[in-house]
Structures are given as structure tokens and as C-alpha cells.
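The values are calculated or read from the model by the stated rules, or taken from the named source; none is laboratory data. This structure is a prediction, so every number in the text was calculated from the model and none was measured. Cβ placement follows ideal geometry from the backbone for every residue including glycine, while neighbour counts extend to all protein chains displayed.
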Amino acid sequence: MTSRAPHSPPPPPPLPFPARVPFIDSLGLELHHYAGGRAEVCVNLDAAHLNSWEVAHGGVVMTMLDVAMALAARSGHPNDNAVATIEMKTSFMRPAEGQLRATGVMQHMTPTMAFCSADLHDERGQLCASATGTFKYLRALPSRGKLKKPGAHPAADAPSRPPPPTENDPLP
């Protein structure tokens, strides 16, 4: 990682994410702001985040933009409801290197949807990518006939499976 530009202040200490997402954990993303329809997510790039050009992989950039928008949508909801990405459009302006910061803003919400935007800057403050997205508010996800709460252990909500059919069972 290169040194920080003098005009770019260090990010505040990380906050806990509102729900555990193992994929986000594996990328090493840190939450630095989460309130009032706004969110900021940062990462210090390492070798696992890079593509063959040795700059941030587009999947890392898109994930950061998606997470920043989803958290902005969630933080703007009165019940802090979880969200699912319905659609997302990303524009890449320049290669992203060093410490990256994605800021998401909820632009509009309805009772069931949020419309958001996000920008991703490098440690020099340069805009590297931007995105817009639509998010659906969820209370729970249907999972094999039962509702699964975000962050819940999968085995806790999994329905019991029926016994396997035998040769004496009638065909459906």
C-alpha cells in the first residue's frame, strides 16, 4: 500500500456490521459509517484482492459498491430491515489501488424498495468507480418453505427432510 495523501484523513475506527456476511468478512471490508441512509466501507488491498494487472479486481470494486449501497438502504429504513440487491449498474473510471473507500447514499425509498448510489475512491481521493442500485427490503427470506432471518445459523431454520421414498410408496 502506498502512503496516504495529505488531504485524505484516516478513516474512523471500524463499526460492527449489522449482520454477519461471511463473504464480506473474507474480503476484509470494514464499516466506517452507517446511519441515516448513508454508509462507508473501506478495505486495504492485498494480493488476494488484485487482478492480473495488480490493481483491484472488478469483483472487489463491485462488491464494495454493492455493500455500501445496501448498508445505506438498510440504515435509512426505520426498522433497519435487511435488503436484497434487485439490480446494479457500475461504471469503472480508473484502476483502483491502495486503500479503497466506497460511500453509499440512499437517494429515494418506498415502503418496499430503496434506490441508491455509491462512489469508490482510492487513497488519493480519486474517483475509481460509481454505481447505482435498487434494493428490496426484506423481513426474512423464504428458504425451503420456512422463513430464514438474516444472520441466522442455517441449521436452526432448516426444515426436517421427509424420509426417502421406498418401493412401496405410490408415485406422485
Original post:
Which residues, taken from the range 58-97, are without any contact (Cβ under 8 Å) to a residue 12 or more places away in the chain and closer than 19 Å to L31 by Cα?
Top reply: G59
Subject >> Residue list for the range 82-97, restricted to those being surrounded by fewer than 18 Cβ atoms within 10 Å (Cβ to Cβ) and more than 17 Å from V67 (Cα to Cα) >> reply: M93, R94, P95
Original post:
So, in the range 99-145, of the ones that are crowded, with 18+ Cβ neighbours inside 10 Å and part of a loop (DSSP other than H, G, I, E, B), which residue ends up modelled with the highest pLDDT?
Top reply: D122
Subject >> Top-ranked residue in the range 18-72 [being small (G, A, S) and within 13 Å of the chain's Cα centre (by Cα); ranked as modelled with the lowest pLDDT] >> reply: A19
